[in-house]
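Written below as structure tokens is the structure these notes are about.
Read the figures in this text as sums done on the coordinates, not as results from a lab. Keep in mind it's a predicted model, so treat the numbers as computed, not measured. So basically every Cβ, Gly included, is an ideal-geometry build from the backbone, and we count neighbours across all protein chains shown.
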Amino acid sequence: MLIDAAIKSKKSKIVQENVAPTLKKYSIERVDDISKETIAECAQLKEIIRTFANLKFDRDGFKASADVIMNHLVKLPSQIALLLENLPR
């Protein structure tokens, strides 16, 4: 995708201006892919993933500790109606 963006913008190499919009598009496509794969088990997965967009990372600005993630996940049922189906018993 980055190569295509560079070619489209007539650049001989990938430049910073291509990165942010391309990464956003790539991320959206990957979330769509995984949510399609898990639709039978968790139809709300896309919404769950979106909640992480506002997560306050506490490690190096790009990582979250296990405590931050656990606290975030514990709060999810009050934000999103979660329903897990077709799980093996």
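In vacuum, with every alpha carbon of segment 39-89 counted as one equal point scatterer, what does the Debye formula give for log10 I(q)/I(0) at q = 0.14 Å⁻¹? Two decimals, please.
Log-scaled intensity ratios, in q order: -0.43.
Using a Förster distance of 25 Å, how high is the FRET efficiency between Ala81 and Asp4, based on the Cβ-Cβ distance and rounded to 0.05?
Numbers: r = 38 Å, r/R0 = 1.53.
Calculated transfer efficiency: 0.05.
Once fully extended, how much extra length lies between Val68 and Thr51, figured as 0.36 nm per residue of separation less the alpha-carbon to alpha-carbon distance?
On the way: separation 17, 0.36 × 17 = 6.12 nm, distance 1.29 nm.
This chain segment gains 4.8 nm when fully extended.
What does the helix-only formula give at 222 nm for the chain: each DSSP H stretch with n ≥ 4 adding -39500 (n - 2.57), the total divided by the residues, and the result rounded to the nearest 500 deg cm²/dmol?
Numbers: 4 runs with 50 residues, N = 89.
So the helix-based figure for the chain works out to -17500 deg cm²/dmol.
Any chance you could get the radius of gyration and Dmax over the Cα atoms of segment 1-78, in Å?
Cα only, segment 1-78: 16.3, 49 Å (Rg, Dmax).
Do any GluC sites (Glu not before Pro) in the chain lie in a loop, going by DSSP, with at most 13 other beta-carbon atoms within 10 Å of their beta carbon, and if so which? Could you put the intermediate results ahead of the total?
Values: sites: Glu17, Glu29, Glu37, Glu41, Glu47, Glu85; in loops: Glu41, Glu85.
Passing sites in the chain are Glu41, Glu85.
Out of all Cα-Cα pairs in segment 4-43, roughly what percent, to the nearest whole number, are more than 12 Å apart?
Working: 495 of 780 pairs.
Value for segment 4-43 (Cα pairs over 12 Å): 63 percent.
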